[in-house]
Amino acid sequence: MNTERSHELFSRAQTLMPGGVNSPVRAFKSVGGEPFFVQRADGPCLFDVDGNRYIDYVGSWGPMIVGHNHPKVLEAVIDTARNGLSFGTPNPLEVTMAETIARLIPSCEMTRMVNSGTEATLSAIRLARGATGRSRIVKFEGCYHGHGDSFLVKAGSGALTFGVPTSPGVPKALADLTLTLAYNDFDGATKLFDECGSDIAGLIVEPVVGNANCLPPRDGYLRHLRDLCTQHGALLIFDEVMTGFRVALGGAQARYGVTADLVTFGKVIGGGMPVGAYGGRRELMQQIAPSGPIYQAGTLSGNPVAMAAGLAMLELIQVPGFHESLEAKTNALCDGLETAAREAGVPFTTQRVGGMFGMFFSAEKVDTYAQALACNTAAFNRFFHAMLDRGVYLAPSAFEAGFMSSAHDDAVIAATIEAARGAFVEAKSA
Ligand code: PMP
């Protein structure tokens, strides 16, 4: 595969941008090698600057649920852009967006639009703190909620020790306010709430963890978290930046029948434009400025072009059967990968939830962060490159979920499985 132009661009980029990229995981640091630079994308495929085609299971990290360059989304963006790119005043599309969210996600009686998932989660925890008058936040190891200071924290040496910053620049005093739990551990959560439940403003969780590969909740786990929060007067925050509109039309709340107090969105809701949102019950959301005292704002928030892209995307995924079909595609891919791995004699298993999936180089089923960490990362990295050489682009890290789109047809999925047959053998023998 010729990658001359990508290589030349990456050399220039590294002298001008930290690591040559604008977001770390794109640099291929965990899998090794150099990233490719994309010229254009269409349906299930990316095309790089050297003319190579890749079947894409990253989908811009989640937004491209109907595939790249969908004509309806593109049309909405172009039509709206003709009227101006940003007004800094209210616009009608924001109202339609808030109505659409309230209809699809009943717990979001009111919504505030922002510009990224990071902004959504930062704003949600400010609201949780402001509304409860408490300071502590609970999060889970392996969950990612954007790069806000309070989230770049790992557990201290014991479950109830203060959090430890995972990035220089995060003040220790702030990290102290973040408590960290092990996902899918029922007793750990009970114990933590028993010991300091009355200090906890909110618990934030990816209801299906997509930032530690793909870890679905154990039966009753989300209900357990709901009950603990209710019992102790803390707010339950579902970070549905990844799962929203993807694991079901109504997201994880609909799929698992558990209602959160606050929900954050990103990715699909922007149709590929920079958009995030957070929403919840009216009495909570009304505490946000200007109707309430908790401040949060944005020059470009509710941007008309971004709203048009998101609305077009949300329209497309409301077609009856959309999510059933997406899930069937995910299952076909994951079943095929498991068979190919078995044939090659490689210990391998998958997890799937709706339109997202995880691949684990492990013989055992994986549903905790500790188990995900124990998988064979070196084998994943070899498999990643063997697939890339065969024109299939997987997330460039063993700890990221894969994303299916409605544009992945049977032929593309069959070609992926065929590529995997060779790639598993190569990953094994290397
Ligand atoms: N929450 C989750 C669950 C995410 O997966 C991400 C990004 N991958 C974020 C928040 C942050 O979103 P953004 O990158 O748009 O700031």
Pairing a residue in region 48-76 that is in contact (Cβ under 8 Å) with a residue 12 or more places away in the chain with any residue that is within 16 Å of the ligand (Cβ to nearest atom) and assigned to a strand (DSSP E or B), where Cβ atoms lie under 7 Å and the two sit 6 or more apart in sequence or on different chains, gives 57/402; 57/403; 58/403; 59/403; 62/403; 63/271; 73/271
Those residues of region 113-141 which are more than 10 Å from the ligand (Cβ to nearest atom), in contact with a helix residue (DSSP H, G or I) (Cβ under 8 Å, 6 or more places away or on another chain) and not in a strand (DSSP E or B) amount to 125, 127, 131, 134, 135, 141
The residue that is farthest from the ligand (Cβ to nearest atom), considering only those in region 142-158 that are aliphatic (A, V, I, L, M) and out of contact with any helix residue (DSSP H, G or I) (no Cβ under 6 Å at 6 or more places or on another chain), is 155
- Determine, yes or no, whether residue 42 is over 25 Å from the mean Cα position of the chain (by Cα) and farther than 29 Å from residue 253 by Cβ. no
Screening 24, 71, 35, 44 for residues that are touching a Phe, Trp or Tyr at 6+ places or on another chain (Cβ under 9 Å), under 24 Å from residue 246 (Cβ atoms) and not small (Gly, Ala, Ser) leaves only 44
| With respect to residue 252, is the statement that it is surrounded by 24 or more Cβ atoms within 10 Å (Cβ to Cβ), within 12 Å of the ligand (Cβ to nearest atom) and not in a helix (DSSP H, G or I) true? | no
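Yes/no per residue for (1) over 30 Å from residue 39 (Cα atoms); (2) more than 16 Å from the ligand (Cβ to nearest atom); (3) out of contact with any Asp or Glu (no Cβ under 7 Å at 6 or more places or on another chain):
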site: 67; (1), (2), (3): no, yes, yes
site: 75; (1), (2), (3): no, yes, yes
site: 99; (1), (2), (3): yes, yes, yes
site: 102; (1), (2), (3): yes, yes, no
site: 105; (1), (2), (3): yes, no, yes
site: 110; (1), (2), (3): yes, yes, yes
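Give region 189-220 a look and list any residue that's β-branched (Val, Ile, Thr) and assigned to a loop (DSSP other than H, G, I, E, B), or say none.
208
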Selection status of residue 268, within 26 Å of residue 299 (Cα to Cα) and part of a helix (DSSP H, G or I): yes
Counting only residues in region 271-305 that are closer than 14 Å to residue 111 by Cβ and under 19 Å from the mean Cα position of the chain (by Cα), the one farthest from the ligand (Cβ to nearest atom) is identified as 279
Checked against (1) more than 16 Å from the ligand (Cβ to nearest atom); (2) in contact with a Lys or Arg (Cβ under 8 Å, 6 or more places away or on another chain); (3) more than 18 Å from residue 137 (Cβ to Cβ), residue 214 satisfies every condition except (1)
Problem - Condition met for residue 341 (outside any loop (DSSP other than H, G, I, E, B), at pLDDT 95 or above and not assigned by TED's automatic domain parsing to the domain that holds residue 117) - result: yes
TODO: Looking only at region 198-218, decide whether some residue is surrounded by fewer than 14 Cβ atoms within 10 Å (Cβ to Cβ) and under 29 Å from residue 283 (Cα atoms).
DONE: yes
When region 338-360 is checked residue by residue, the ones that are among the charged types (D, E, K, R) and surrounded by fewer than 18 Cβ atoms within 10 Å (Cβ to Cβ) are 338, 342, 343
Residues of region 277-326 being of a type in the set (Ser, Thr, Tyr) and assigned by TED's automatic domain parsing to the domain that holds residue 90, in sequence order, are 278, 291, 295, 299, 301
Here the qualifying pairs (Cβ atoms under 8 Å; residues six or more apart or on different chains; first in region 111-133 and farther than 14 Å from residue 293 by Cβ and in contact (Cβ under 8 Å) with a residue 40 or more places away in the chain; second in a helix (DSSP H, G or I) and of a type in the set (Asp, Glu)) come out as 113/94
Reported set for region 170-188 where residues are over 14 Å from residue 368 (Cα atoms), surrounded by 16 or more Cβ atoms within 10 Å (Cβ to Cβ) and not polar (S, T, N, Q) is 170, 174, 175, 176, 177, 179
Every listed condition ((1) away from the ligand (no atom under 15 Å from the Cβ); (2) surrounded by 20 or more Cβ atoms within 10 Å (Cβ to Cβ); (3) in a loop (DSSP other than H, G, I, E, B)) holds for residue 229 save (3)
Boolean, residue 238 is of a type outside the set (Lys, Arg), within 13 Å of the ligand (Cβ to nearest atom), free of Cβ contacts under 8 Å to residues at least 40 places away in the same chain and surrounded by 24 or more Cβ atoms within 10 Å (Cβ to Cβ) | yes
Checklist entry - With respect to residue 258, is the statement that it is assigned to a loop (DSSP other than H, G, I, E, B), outside the structural domain of residue 368 (by TED's automatic domain parsing) and of a type outside the set (Ser, Thr, Tyr) true? => result yes
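The values are calculated or read from the model by the stated rules, or taken from the named source; none is laboratory data. Predicted, not measured: the structure shown is a model, and the values here were computed from it. We place every Cβ from the backbone using ideal geometry, glycine too, and count neighbours over all the protein chains shown.
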